[in-house]
Amino acid sequence: MRASAGRRGAFAVAAALSVVVGVAGCQSGGGGGSKATGKPKAKAAQGAASPIDAVNAAYKKVSGYRSAKFRMDMTVPGAAAATGTAGAAGTKGTASSTITSSGTLGWNPMVMDMTMQGAALGMGVAGAPTTLHSLTTGTAIYTDMSGAIKNDPEFAKALGSKSWLKTDVGAAAAAGSGSDADSALVDNSLQSNENPAQQLATLVAAPQISRVGSETVDGVKAEHYKGHLTIAQALKTGSNGKTLTAEQREQVADSMRKAGITAEDIDVWIGTDSFPVRTDVKMTTSKGPVGVSEHLSGYSAKAATVKVPAAGQTFTVQDLLKIAQNS
């Protein structure tokens with residue numbers, strides 16, 4: 001039986017939402033990093049420090065800042081496979097898809113203004129947008145769905161003047177995945193994968209950090225460092241000293257365990273001023289590999305702000321379900 005226009009519109013928005021939650025979750029940092037007091041010094045010499053000293057210096061530097069500009073590529077496992085398309089090797093079920101995003105992020109407090117692009121956003125649903133703009137404050141995400149709505153008059157009529165979908169990253173992940181591991185994977189990303197200081201703290205938890213060499217990233221001369229972390233290693237205090245407390249290490253290990261993450265490979269490129277200019281995180285998960293490559297610039301001691309839509313312009317997942325049921 002052919003679905004009505006309103007129901008197809010609801011499905012299109014829901015399809016985009018399922019990917020938005022994953023991407024925004026991986027870009028939403030929670031906690032970590034102390035508040036900046038006054039304007040931090042412009043320089044924090046990296047010098048000829050050891051790898052752990054260099055990463056620690058970057059951690060301390062970034063902890064005094066509150067926002068930055070970013071652009072990111074995220075590789076999502078199975079996003080294309082879910083729609084029945086073939087993977088890179090031509091085998092259904094092994095596909096992955098890349099979503100690009102850019103904008104401004106703040107981690108103290110957590111806010112973000114982000115634009116995303118990628119075929120995975122539509123998940124093969126007719127009318128689903130492949131470019132989305134979202135605003136985040138805390139765990140609340142506001143996604144502009146006007147692109148999908150305007151293509152479906154019946155759906156637009158049911159929503160009235162509302163075009164922004166409001167959702168909560170943690171709640172939507174738990175409700176949509178039907179899996180504690182899926183929910184925890186997003187929650188793990190929510191807590192650590194965007195805040196640059198938290199990323200550096202995770203790298204510090206690795207038992208060994210190695211220096212790869214000098215490279216130029218986005219025109220900036222930087223030193224490349226890398227580390228590998230498993231759950232067991234996260235719980236141990238290795239040669240990297242006591243940058244993280246036993247409680248913090250337990251939190252890192254517990255979030256990895258719940259999310260089905262068995263290991264993380266972390267690469268960071270640190271400029272001569274101790275600012276990280278790029279971070280790459282590769283996670284081995286029960287759902288397949290997840291990769292995030294992020295470029296950072298324009299660090300600021302000032303908190304970032306976003307102006308979220310008024311209540312009269314927003315709708316929820318529950319509203320989507322009602323429209324689908326009544327169409």
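The values are calculated or read from the model by the stated rules, or taken from the named source; none is laboratory data. From a predicted model like this one, the values you see are computed outputs, not experimental measurements. Positions of Cβ are generated from backbone atoms using ideal geometry, with glycine treated the same way; all protein chains shown enter the neighbour counts.
Which members of the range 54-76 meet the condition of being hydrophobic (A, V, I, L, M, F, W, C) and not in a strand (DSSP E or B)?
First, the residues of the range 54-76 that are hydrophobic (A, V, I, L, M, F, W, C): 54-55, 57-58, 62, 68, 70, 72, 74, 76.
Selection gives Ala54, Val55, Ala57, Ala58, Val62.
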Fill in: Pair list, Cβ < 7 Å and 6+ apart or interchain, from the range 54-79 residues that are over 14 Å from Val268 (Cα atoms) to residues that are modelled with pLDDT under 90 and of a type in the set (D, E, K, R)
Pro77/Lys287; Gly78/Lys287
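Being at negative phi, surrounded by fewer than 16 Cβ atoms within 10 Å (Cβ to Cβ), at pLDDT 70 or above and not in a strand (DSSP E or B): is that true of Glu215 here? I'd like the intermediate steps shown before the answer.
Working: at negative phi: yes; surrounded by fewer than 16 Cβ atoms within 10 Å (Cβ to Cβ): yes; at pLDDT 70 or above: yes; not in a strand (DSSP E or B): no.
Here the answer is no, as Glu215 does not meet what is asked.
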